[in-house]
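Below you will find the structure I want to go over with you.
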Amino acid sequence: MKIRSAEFISSFADVKKCPAPDLPEFAFIGRSNVGKSSLINMLAHSNSLAKTSSTPGKTQTINHFLINKTWYLVDLPGYGFAKGSKTKRAGFGQMIEDYVLKRENLGCLFVLIDSRLPPQANDLNFIEWAGSKDVAVALIFTKIDKLKQGELQKNLKVYEKALLLRWEELPAIILSSAAKSQGKDEILDFIDEALKE
Ligand code: GTP
Ligand code: MG
């Protein structure tokens with residue numbers, strides 16, 4: 001699939017105000033600063049469609065982008081650095097929980113993981129929680145341009161091992177770099193397949 005058009009539609013803190021759930025949608029979630037907004041810009045060939053920052057906590061609302069006039073790509077706030085998040089129910093923030101639980105047209109939640117880090121408890125917990133709610137999950141390892149090939153392969157092996165301690169099967173795993181425009185075809189092919197289902 002090629003992205004021919006990408007339009008910003010809305011930015012809301014409340015899932016009830018989001019666009020009517022009448023088109024399929026795919027969302028990017030993950031720790032603050034992992035590169036969710038940058039990856040949306042990379043897919044959409046834009047520098048500014050989604051707002052990015054080197055400071056964690058840039059995206060604070062649910063942002064809908066209409067792609068090819070047929071499906072939504074959604075940029076969500078990060079978890080992990082959010083103010084007061086530890087006191088919230090499952091620790092991911094009410095907005096994220098509501099979004100995941102209530103967005104009936106959600107085709108797949110892409111959980112972004114920083115490829116440079118060892119497995120983080122909050123990422124594993126989030127994947128587990130989303131899975132327990134019957135949400136389809138795929139993983140995207142980000143910022144692979146920041147690692148040497150050997151380090152990347154080592155980190156991936158460690159991660160897969162951590163995943164297999166909790167689950168029998170690995171989810172789909174895609175490697176990406178927004179800086180080097182890597183992983184675009186894999187992500188769009190994955191979405192294309194999901195749209196056909
Ligand atoms: P929040 O909105 O705060 O949750 O963050 P986010 O996950 O949307 O991250 P964002 O896209 O704003 O990127 C965070 C920082 O990482 C920015 O300084 C980006 O330039 C940088 N970054 C994102 N993706 C990549 C990548 O693939 N490679 C490199 N080298 N830097 C990246
Ligand atoms: Mg963001």
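Only the coordinates and a few stated rules stand behind these numbers; no lab work does. Keep in mind the model is a prediction, meaning the values are calculated, not measured. Please note: Cβ atoms are built from the backbone with ideal geometry, for glycine as well, and neighbour counts cover all protein chains shown.
Here is a yes/no grid of residues against (1) closer than 13 Å to Tyr79 by Cβ; (2) touching a strand residue (DSSP E or B) at 6+ places or on another chain (Cβ under 8 Å):
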position	(1), (2)
Met95	yes, yes
Arg103	no, yes
Ile113	yes, yes
Leu117	no, no
Glu128	no, no
Val137	no, yes
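What's the total number of residues in the stretch 34-83 that are within 12 Å of ligand 1 (Cβ to nearest atom), in a loop (DSSP other than H, G, I, E, B) and in contact (Cβ under 8 Å) with a residue 60 or more places away in the chain?
Residues flagged as within 12 Å of ligand 1 (Cβ to nearest atom), in a loop (DSSP other than H, G, I, E, B) and in contact (Cβ under 8 Å) with a residue 60 or more places away in the chain within the stretch 34-83 amount to 2.
Might you check whether a residue that is near ligand 2 (Cβ under 10 Å from one of its atoms), polar (S, T, N, Q) and on the phi < 0 side of the Ramachandran plot occurs anywhere in the stretch 25-34?
yes
Inside the stretch 8-20, can you point out the residues that are out of contact with any helix residue (DSSP H, G or I) (no Cβ under 9 Å at 6 or more places or on another chain), surrounded by 12 or more Cβ atoms within 10 Å (Cβ to Cβ) and over 17 Å from Glu97 (Cα atoms)?
If the condition is that a residue be out of contact with any helix residue (DSSP H, G or I) (no Cβ under 9 Å at 6 or more places or on another chain), surrounded by 12 or more Cβ atoms within 10 Å (Cβ to Cβ) and over 17 Å from Glu97 (Cα atoms), then Phe8, Ile9, Pro19 are the ones that fit.
Counting residues that are without any contact (Cβ under 8 Å) to a residue 12 or more places away in the chain, which strands (runs of 3 or more DSSP E) fully inside the stretch 102-197 reach at least 2?
On the way: elements: 106-114, 137-142, 173-175.
Passing ranges: none, list empty.
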